[in-house]
Amino acid sequence: MGRRAFGTGIGHLSESLLELLSRKYQVDLWDIHSRPADGETVTLSTGRQVGLAQNLDGYQVYIYADVLWNGVNYTRFTPPPADGYRIAYLAFDSDKLPPEWVEILNEHFDAVFFTSAHLIEVARLSGVTCHVGALPLAIPTEQNLSRPYRPVAGGRVRFGTLSSYHRRKGLDHLVSAFLAEFADNSDVELVIHSNIAFGETAQTVASMVEVAGADNVRLSTDNLSEVAKNQLLESFDVYVNASLGEGYSVGPREALSFGKVLAITDLGSHRPLFGPPGVFSVKESHKAPAIYPEIDNRQFGMQQVPDAADLRRALRDAYNFAKSQEAAATANERKRLGAEFTLQALERSYWALVDPDSQALGGRHLSSMAALPDTHTKAVREKAGRHGTRIGARHLVVPAHDGGFFSLYNAFVSHLVWSKHDSPQRLVLPDWDAGRLLERVAPKEIVSYCYSGPRDGNLWNHLFEPLYDLTAEELDDEDFLWGHSDPVQFAFNESREPLLTYVHAYRLYQDPDYQQIRRQYSSVIQEHVRLLPEYQRELDTHLVDRRAGRFLIAAHVKHPSHAVEQPDFEIADRYRYVELVRQELKERGIREASDDWAVFLATEQERVVELFADEFGDRVIRFPDVERIPTNTDVQFDSLDDAQKIADGHQLQHIIAQDTSRWSPRLAWEVIRDAKGMASADVLLHAVSNVATAASLMDTRVAMRFAHARVRPSSGG
């Protein structure tokens, strides 16, 4: 509920809400000034289109972002319907709200959020009894942040401000201090720009400049476009604000995005801007009544008059700093602070305003300048629905496919990792239900999947704790998964991560950025993918106790039929792995006969277990309760020709997949255990494999060593 005139100061409130909320939820604008035609939309400055509401019925959440009351002749306030959750989003610039505002807030709203946190106390002291919080106004300054800092050009320092000629803006104080400090200086100028120049203050400022005969003060009143306004702002060396009161103060925040030096009054709305080098504060002299000519000339509270001497001091300090080398050296510190007020930085905070569950996405945190009271969070959740489902939030569902467990796992994790870069970021949920998988692939036969039965529900719940803040019941609920969800367009996320699947994994292992990719994935896995406690205890007991602090080499010895996945269709055999274990010991100066090392063995073949036991004895760590291919079966495999050996059907997952009665989450746990053991090692000897890829992403500390089939120079993989 606001206005379409986004270029006005109060119009910014509506546009920021519409821009950020419509990225994730279904949002319409109800224009308080005019009724739209059927189907009419409004275009935001980013190009995003938002619908215009014909009436106010049927919405779950209402946000009023405009004037509540503005004098006896103001009749535009329409209260939002009481059957929705009602939020007011406001700014004000003195230490007391109009009593008419307080009455409206208490009668017609469930919560009020102010653009600056200092107004929370102002609201409480004014008598507001509904939930009170703070939400900074998001400003589209991302492009400004990307521009290089422009130091003082030609030795002439330009002070500037973008300000209306309102009494509270203190422009007369600013001009007086500037003329007193710099009237005779030819290497300094002051630019005051406003799209509107009328009223007593405008006349007073113009008269001061004229009487002083100052040729270094320019009063600009052109109606500038957004591009021209930013060009003017970038031309300033120092942004000044001598205001007596501010509800938010956009100008200094925009100036910070360019890395500009600031000289600003010590107001509640300015305090978040102090800290970086080059930001100078002006203390107050005394309080003065906050009189509003536009609100029947009434007084509401008090404002802070800047101290004349301290304003002069701040201008001089800012002048000296802007001319110094330190201004350029510290510009990025000011830019980093400016970045906290961008659309992107505040996106999560705006979502949390109407959908508190959005915080469970993790990653980017809410703005430290936002304050969302717990009482509001509990109340709005009932209206918005779990994870915003009643207000249009969508999930992203990654369904099971006919593949090995870590084919499913890697695809899901890839979507999860990349979702961190999406706007909007959505819940990424696995639908690993074998019954629905069978329905999707029918009438074809399953070739590889065997990790849960058709009536076991979501396999995820048998292995991991629920994602985000969800419950196991929600992850098993088909309506929750799909009722507000979209399927992924690319099952393996190959459009964004083309090397992750086993088809290209060898290239991934050789990629110079692979370690960085591993770090990216590892951080997300640690945040979101947590084993069930009983499984974690089993791992800790078996691996930690058996390892006992020894140097650990992991060997992932795959079945020879996996040659189809390898470069040149060649795969290292079990004897080659034994050689590579001894080679690793030799290169690290570890005696084979010592007790300083162990080897963790992951394999689906009994004959590999037998070989390693013969070669390395009790230094072999493995999980004994694992389903493996019997030795006699592999002997029969050895008699096949090369084409038959790489056909489907020889791997353990292929054998078990043929009989749905053998499908079990236990099989998934067995391969997870092996992957976790591999990830915990110091060195992993591996072939191309979804399992090896997953292990490398679980823990970045394990050194990956690709096991070439023939003897080649040692190289990291």
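Hey, among the residues in the range 129-161 that are in contact with a Lys or Arg (Cβ under 7 Å, 6 or more places away or on another chain), under 19 Å from Arg334 (Cα atoms) and at pLDDT 95 or above, which one's surrounded by the fewest Cβ atoms within 10 Å (Cβ to Cβ)?
To start, the set of residues in the range 129-161 that are in contact with a Lys or Arg (Cβ under 7 Å, 6 or more places away or on another chain) comprises 132, 139, 145, 152, 157.
Restricting the remaining residues to those that are under 19 Å from Arg334 (Cα atoms) gives 139, 145, 152, 157.
Next, only the ones that are at pLDDT 95 or above stay: 139, 145, 157.
On the way: Ile139: 21, Leu145: 17, Val157: 24.
Top of the filtered list is Leu145.
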For the subset of the range 326-349 comprising residues that are polar (S, T, N, Q) and at pLDDT 95 or above, which member is surrounded by the most Cβ atoms within 10 Å (Cβ to Cβ)?
Ser349
If you check every pair at least six apart or on different chains, which have Cβ atoms under 9 Å apart with a residue in the range 529-540 that is touching a residue at least 24 places away in the same chain (Cβ under 8 Å) and under 18 Å from Ala695 (Cα atoms) first and a residue that is hydroxyl-bearing (Ser, Thr, Tyr) and in a helix (DSSP H, G or I) second?
Val529/Tyr409
Selection over the range 35-66 where residues are in contact (Cβ under 8 Å) with a residue 24 or more places away in the chain, part of a loop (DSSP other than H, G, I, E, B) and either touching a Leu at 6+ places or on another chain (Cβ under 9 Å) or closer than 19 Å to Ala384 by Cα (or both) yields a count of 10
Report those helices (runs of 4 or more DSSP H) wholly inside the range 408-485 carrying at least 3 residues which are buried (at least 19 other Cβ atoms within 10 Å of the Cβ) and in contact with a Pro (Cβ under 8 Å, 6 or more places away or on another chain).
460-463
Selection from the range 289-322 of residues that are crowded, with 20+ Cβ neighbours inside 10 Å and in a strand (DSSP E or B)
Ala290, Phe300, Gln303, Gln304, Pro306
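Just to be sure before I move on: is Ala206 surrounded by fewer than 20 Cβ atoms within 10 Å (Cβ to Cβ), in a helix (DSSP H, G or I) and in contact (Cβ under 8 Å) with a residue 12 or more places away in the chain in the structure I sent? So that I can check it myself, show each step before the final result.
Values: surrounded by fewer than 20 Cβ atoms within 10 Å (Cβ to Cβ): yes; in a helix (DSSP H, G or I): yes; in contact (Cβ under 8 Å) with a residue 12 or more places away in the chain: yes.
It is true that Ala206 is surrounded by fewer than 20 Cβ atoms within 10 Å (Cβ to Cβ), in a helix (DSSP H, G or I) and in contact (Cβ under 8 Å) with a residue 12 or more places away in the chain.
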Out of everything in the range 564-586 that is modelled with pLDDT under 95 and more than 22 Å from Val626 (Cβ to Cβ), what residue ends up being surrounded by the most Cβ atoms within 10 Å (Cβ to Cβ)?
Gln566
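Within the range 338-389, which residues are of a type in the set (Gly, Ala, Ser) and assigned to a helix (DSSP H, G or I)? Write out each step before concluding.
First pass over the range 338-389, keeping only residues of a type in the set (Gly, Ala, Ser): 338-339, 345, 349, 352, 358, 360, 362-363, 367-368, 370-371, 379, 384-385, 388.
Hits for the range 338-389 are Gly338, Ala339, Ala345, Ser349, Ala352, Ser358, Ala360, Ala379, Ala384, Gly388.
Restricting to the range 267-303, what's the tally of residues that are among the polar types (S, T, N, Q) and within 22 Å of Val102 (Cβ to Cβ)? Spell out the reasoning first.
We begin by selecting, within the range 267-303, every residue among the polar types (S, T, N, Q); these are 269, 281, 285, 297, 299, 303.
Narrowing further to those that are within 22 Å of Val102 (Cβ to Cβ): 269, 297, 299, 303.
Residues that pass the stated criteria total 4.
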Within the bounds of the range 497-520, is there any residue that is charged (D, E, K, R), crowded, with 17+ Cβ neighbours inside 10 Å and under 21 Å from Leu427 (Cα atoms)?
yes
Lone qualifier among Val609, Val683 - being of a type in the set (A, V, I, L, M), under 30 Å from Arg518 (Cα atoms) and touching a residue at least 40 places away in the same chain (Cβ under 8 Å):
Val683
Conditions (1) buried (at least 23 other Cβ atoms within 10 Å of the Cβ); (2) on the phi < 0 side of the Ramachandran plot; number of the one not met by Ser249
(2)
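The values are calculated or read from the model by the stated rules, or taken from the named source; none is laboratory data. In this text the structure is predicted, and so the values were computed from the model without any measurement. No Cβ is skipped: glycine too gets one built from the backbone with ideal geometry, and neighbour counts run over all protein chains shown.
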